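Quick note: the coordinates plus some simple rules give every number you see, no bench work behind them. Just so you know, these numbers come straight off a predicted model, no measurement behind them. Glycine also receives a Cβ, built like all others from the backbone with ideal geometry; neighbour counts cover every protein chain displayed.
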Ligand SMILES: Nc1ncnc2c1ncn2[C@@H]1O[C@H](COP(=O)(O)OP(=O)(O)OP(=O)(O)O)[C@@H](O)[C@H]1O
Ligand SMILES: [Mg+2]
């Protein structure tokens with residue numbers, strides 16, 4: 001009686017229900033497309049084709065997915081400890097400083113595989129530092145993390161404008177960005193990975209940070225379900241009073257969890273900065289921190305769910321851009337609406353169809369039992 | 001009188017491999033109080049959840065007043081005149097009594113009209129069944145006994161003729177329980193039918209007309225209460241003879257293990273809950289703390305075990321101080337030999353969403369046995385859990401099952417096994433047998449006494465006077481935060497009752 005819903009088989013729980021939610025989201029999105037007088041099937045074609053139709057398109061989709069894996073994992077880690085980290089945006093932004101410093105320092109003298117590890121450490125360090133303060137404020141002062149992380153997003157934004165216009169900008173340049181990095185500050189593309197499947201990556205910036213994202217996903221799984229710290233985090237997330245009883249320090253876990261979360265968000269900066277633009281620009285995060293919340297929600301805060309959810313959102317970003325290109329009456333904003341619908345149905349309303357499906361399965365179960373009985377008789 | 005209010009025919013229900021209800025047949029006569037008893041995990045709650053539409057039976061039929069009805073959800077159950085009072089109340093904490101009672105049964109779109117009508121109806125129900133509550137009181141400010149009354153009113157407001165109560169007295173003080181029984185008698189005299197699940201055979205004998213016994217998913221017997229005895233029922237439940245009061249030899253108290261000196265504890269609002277309490281606990285003895293719930297026993301346990309900060313006073317564990325007024329660290333206290341079975345297993349002692357084996361290490365997760373560096377040693381954890389499950393007969397014996405899916409009594413055994421099996425010097429234990437069946441009570445009591453005989457010091461808090469008297473070597477009575485008296489276990493119930501009510505105590509303190 002603890003949960004009003006009976007248990008469903010795994011494939012229904014983690015496969016069928018998300019798929020149904022997704023299908024409904026797309027159906028409603030189709031209606032919206034119809035409303036502005038366009039053909040939803042055509043839009044669907046452009047979406048899918050734009051996301052997967054060519055090696056280059058797929059490369060872009062996976063490039064975006066890489067970003068969202070990092071920010072999705074960041075939100076998920078905090079969530080397991082019962083913390084709602086809305087500050088992925090700011091943590092990723094500040095994480096960029098670590099990447100930029102490593103690249104500016106060594107790009108002309110060292111190869112990428114020397115710069116990359118340093119940039120990873122740098123991004124994780126700066127991201128963690130930016131999340132440390134809200135974590136510490138909650139642990140010691142009781143300031144709610146949702147509020148402080150949102151405020152820290154704004155502070156990060158101002159800080160970065162200052163740095164990019166006054167400090168990190170090369171002399172004489174007009175643009176608020178660092179100088180372009182030499183070869184040592186650019187990550188190799190994963191063209192060979194797509195080539196295995198006979199695809200040509202073209203100009204897509206799909207790069208080795210994708211592999212790092214997969215490694216990070218595995219490490220998060222290890223952390224949450226296989227380490228003592230993860231055990232403590234989950235205990236606190238489910239029941240703070242049980243954590244206190246067990247002698248776990250709430251403030252210590254809060255601070256450490258937030259730093260891990262911030263480090264993951266910070267590592268997101270590697271992908272656009274070293275993987276695509278070879279420089280740090282203003283606003284390079286572009287809302288990925290917030291998309292991470294949707295990705296974590298959809299992926300049920302489990303790495304195995306976050307990766308496909310991130311690919312889905314990568315597809316929406318890349319394919320959505322394609323739609324607005326091919327069908328001018330569907331603007332960028334429409335794409336945002338579609339993304340919103342996906343979040344709505346897959347995240348916020350994820351339980352909408354569950355009772356009906358549960359009943360369907362219960363009925364089927366009964367029928368099976370009856371059949372078994374009559375056979376037995 | 002011989003009308004059947006509810007008939008269950010061939011109800012069957014499995015949860016995966018667990019066969020919770022096996023071909024259950026049951027007839028409940030109209031206008032009677034029908035008890036259902038059975039061991040932990042026998043399937044009582046499951047059966048009632050099927051009747052109330054929370055679960056669907058795999059097969060079988062439900063007849064209400066002789067007519068077959070399909071109860072697909074609680075709404076259908078309410079429509080069929082069935083109401084349920086849950087063990088864990090389902091009330092909106094910050095709503096008033098009236099708002100809670102109306103919730104989901106608002107008669108009119110215009111709330112004001114509905115409220116006025118509901119108020120009138122509520123008054124009528126209160127009068128008819130002697131169920132006074134202030135309709136404008138906010139739920140969270142009411143004691144549990146009154147909250148339960150609201151649940152009953154809620155069911156009656158929805159015109160329930162049949163009322164199911166699942167372990168209603170587990171959370172009540174004896175006085176509150178008495179009042180509940182008077183209400184149930186009243187309902188019965190008005191022609192309502194009551195189904196009562198409880199582990200307390202005394203209650204069954206006192207109030208029911210008939211009683212049905214379940215064992216391992218089966219309905220094994222139905223008896224007319226007047227023609228049976230506590231011993232027979234206990235034997236039917238467990239399938240063997242049960243010692244209702246375990247044998248216990250003389251205590252051989254040794255060194256002082258826990259010394260509490262002038263301890264004072266306040267709650268969050270600054271109200272003094274424990275007032276200048278001092279006592280000693282020696283190795284090899286069981287000290288029981290009796291008292292009506294809410295007289296400071298909970299806060300005393302929490303302060304000693306390092307969960308709640310005390311205002312003043314000191315506690316020595318094995319002669320060394322516990323920082324009760326500072327940052328006592330519960331895990332350090334565990335290392336120093338203090339184990340704690342908390343009163344509230346659902347929110348404190350267990351994480352219901354964890355697998356059983358994850359709960360089996362809660363608080364002991366620093367133990368090197370369970371770790372490989374920073375990683376958990378899953379194999380060792382599961383192996384230990386399996387061993388505990390076997391020793392304590394925890395059912396079903398699956399360390400990977402989610403804790404919420406164990407029945408209440410088995411959840412309690414998970415906590416007890418974890419805290420007792422490491423052989424601590426001092427065991428503090430709150431409500432050890434709340435919601436636990438007679439067979440398991442016998443087991444737990446024997447175990448506690450065994451531990452005492454091996455030299456463990458046990459501090460026991462229980463609202464069950466029977467339990468205190470059966471186990472304790474010395475009884476301290478708490479009233480309004482103070483220890484108002486110390487008695488031997490052969491003190492009469494009446495004597496202890498007066499102390500607990502604060503009557504005797506005041507005289508004694510004055511002398
Ligand atoms: N949702 C569920 N999923 C899996 N197993 C369950 C679930 N609910 C109950 N069970 C199992 O079904 C059996 C019967 O449980 P039930 O709660 O009905 O027992 P009970 O007689 O009420 O016991 P108690 O007196 O301890 O409350 C138990 O073995 C329990 O573990
Ligand atoms: Mg039960």
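State the Cα centre-to-centre distance between segment B:117-173 and segment A:263-281 in whole Å.
First find each Cα centre; the distance between them is then 61 Å.
To the nearest 0.05, how large is the calculated FRET efficiency for residue B:390 and residue B:367 if R₀ is 25 Å and r is the Cβ-Cβ distance?
That gives a FRET efficiency of 0.80.
Compute the FRET efficiency between residue A:203 and residue A:360 as 1/(1 + (r/R0)^6), taking r as their Cβ-Cβ distance and R0 = 60 Å, and round to the nearest 0.05.
0.80
Evaluate E = 1/(1 + (r/R0)^6) for residue B:272 and residue A:300, where r is the Cβ-Cβ distance and R0 equals 45 Å; express this FRET efficiency to the nearest 0.05.
0.45
Please rank B:473, B:466, fewest neighbouring Cβ atoms within 10 Å first, as an exposure proxy.
With the sparsest Cβ surroundings first, the list reads B:466, B:473.
What shape does chain A take by its C-alpha gyration tensor, where a ≥ b ≥ c are the square roots of the eigenvalues and a/c under 1.5 counts as rounded, a/b above b/c as prolate, and the rest as oblate? Spell out each step's value before the answer.
Numbers: a/c = 1.93, a/b = 1.27, b/c = 1.52.
Judged from the Cα gyration tensor, chain A comes out oblate (a/c at least 1.5, b/c at or above a/b).
Using the alpha-carbon atoms, what tilt in degrees (0 to 90, nearest 10) does helix B:408-420 show relative to the longest principal axis of chain B?
Between the helix axis and the principal axis of chain B, the angle is about 10 degrees.
Using the basic label-point model (7 angstrom from Cα toward the beta carbon), what is the residue A:353 to residue B:117 distance in nanometres?
3.8 nm
What nm value, rounded to one decimal, do you get for the distance between residue B:59 and residue A:48 when each label is placed 7 Å out toward the C-beta?
With each label point 7 Å from Cα toward Cβ, the separation is 4.4 nm.
Per DSSP helix of 4 or more residues, -39500 (n - 2.57); summed, then divided by the residues of chain A. What does that give at 222 nm, rounded to the nearest 500? Can you show the working numbers first?
On the way: 15 runs with 254 residues, N = 377.
The helix-only estimate for chain A comes to -22500 deg cm²/dmol at 222 nm.
On a C-alpha basis, how far is the centre of segment B:439-505 from the centre of segment B:279-338 in Å? Whole number, if you could?
Their Cα centres are 17 Å away from one another.
Label point 7 Å out from residue B:309 along Cα-to-Cβ: which residues of segment B:240-269 have amide N under 15 Å?
Answer for this model: B:264-269.
Determine the relative contact order of chain B: mean sequence separation of Cα pairs under 8 Å and six or more apart, normalised by residue count, in whole percent.
Answer for chain B is 15 percent.
Taking only C-alpha pairs under 8 Å that are 6+ residues apart, what is the relative contact order of segment A:39-328 in percent? Walk me through the numbers before you get to the answer.
Details: 583 pairs, mean separation 119.4, N = 290.
It rounds to 41 percent for segment A:39-328.
May I ask you to order A:96-102, A:203-209, B:196-202, A:155-161 by the average number of other C-beta atoms within 10 Å around their residues, highest value first?
Values: A:96-102: 26.9, A:203-209: 22.3, B:196-202: 20.6, A:155-161: 16.6.
Sorting A:96-102, A:203-209, B:196-202, A:155-161 by mean packing, highest first, produces A:96-102, A:203-209, B:196-202, A:155-161.
Specify the angular offset, from 0 to 90 degrees and rounded to the nearest 10, of the alpha carbon long axis of helix B:378-391 from the longest principal axis of the alpha carbons in chain B.
Once rounded, one gets 70 degrees.
How far apart, in nm, are the 7 Å Cα→Cβ label points at residue A:165 and residue B:190?
About 7.4 nm, to one decimal.
Going by Cα centres, segment A:28-65 and segment B:343-405 are how many Å apart?
So the separation of the two Cα centres works out to 48 Å.
Sum -39500 (n - 2.57) across every DSSP H segment of at least 4 residues in chain B, then divide by the residue count to get the 222 nm mean residue ellipticity, nearest 500.
Numbers: 17 runs with 169 residues, N = 511.
Taking each H run of at least 4 residues, the total per residue is -9500 deg cm²/dmol.
Please give the length that would be gained between residue B:76 and residue B:144 if that part of the chain were fully extended, namely 0.36 nm times their separation in residues minus their C-alpha to C-alpha distance (nm, one decimal). Walk me through the intermediate numbers first.
Values: separation 68, 0.36 × 68 = 24.48 nm, distance 2.78 nm.
Between residue B:76 and residue B:144, full extension yields 21.7 nm more.
Can you tell me which of A:234, A:300, A:244 moves the most in a GNM of chain A? Springs connect C-alpha atoms under 10 Å apart.
For chain A, modelled as a Gaussian network with Cα springs under 10 Å, the answer is A:244.
May I ask you to derive the relative contact order of segment B:215-301, considering only C-alpha pairs under 8 Å and at least 6 residues apart, and to give it as an integer percent?
22 percent
Which of A:315, A:298, A:236 ends up with the largest GNM mean-square fluctuation for chain A, with Cα atoms connected below 10 Å?
Its mean-square fluctuation being the largest, the pick is A:236.
Classify segment B:242-362 from the C-alpha gyration tensor, please: rounded if a/c falls under 1.5, else prolate or oblate depending on whether a/b exceeds b/c. Working shown, then result.
Numbers: a/c = 1.35, a/b = 1.04, b/c = 1.30.
Because its axes are fairly even, with a/c under 1.5, segment B:242-362 counts as rounded.
Between helix A:55-80 and chain A, what is the angle of the helix's C-alpha long axis to the longest principal axis, kept within 0 to 90° and rounded to the nearest 10?
So the helix axis and the longest Cα principal axis differ by about 80 degrees.
Rounded, prolate or oblate: which one fits chain B, using the alpha carbon gyration tensor with axes a ≥ b ≥ c (rounded when a/c is under 1.5, else prolate when a/b beats b/c, else oblate)?
Note, shape of chain B comes out prolate.
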